[in-house]
Amino acid sequence: GFRPAESFLVAVHLGIQKHGPTTAHRIAHQEDEMETLTVMLACGSGASTGFMAANMKKAAKDMGLDVDIIARSESEISEYLNRIDVLMIGPHLEYLFDDIDSYIGDADIGVVLMKPDYYSTLDGKAALEHMLEVFDEDDES
């Protein structure tokens, strides 16, 4: 289990991988990795998240990150578990985040609850920076 921290609400499920670093390490050190990181944005309806995904793709390119970003509704999370490294959840789906274990089980996926400030302005760069920051902290602990 995990305890929701007030500022971040971060749940990271780290599996011990025999080959290579854990997901958190890979995300935190994306700049040094050549492997593409797959991020799924989950939301209720899909419209705003589609724009957010497009802005994050653009920002990732500017930042030199190799990130593949897809936007899907929360009902599709289970179908993508074996294809994604990170799940970013829209701020309006906090209930889903609180119950994330029942969605992802023991999949080795980093989970981030997006912040309302950058989500509402669809700031892709801030979203990516938040993701990296979260996993950088996790990687160091």
So if I take the centroid of the Cα atoms in the stretch 101-117 and the same for the stretch 58-83, what is the distance between those two points in Å? 13 Å
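What does the highest-first list of 69-81, 109-121 look like by mean Cβ count within 10 Å? Don't skip to the answer; put the middle values down first.
Values: 69-81: 15.9, 109-121: 19.4.
Descending packing order for the listed peptides: 109-121, 69-81.
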Which three extents, in angstrom, do the Cα atoms of the stretch 41-136 have along their principal axes, listed largest first? 35, 24, 21
Hey, can you rank 59-68, 99-108, 124-133 by average C-beta count inside 10 Å, highest first? 124-133, 59-68, 99-108
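Any read-out appearing in this document is the output of simple, stated calculations on the displayed coordinates, not a laboratory observation. In this text, all values refer to a predicted model and were calculated from it rather than measured experimentally. For neighbour counting, all protein chains shown are included, and Cβ atoms are generated from backbone atoms with ideal geometry for every residue, glycine included.
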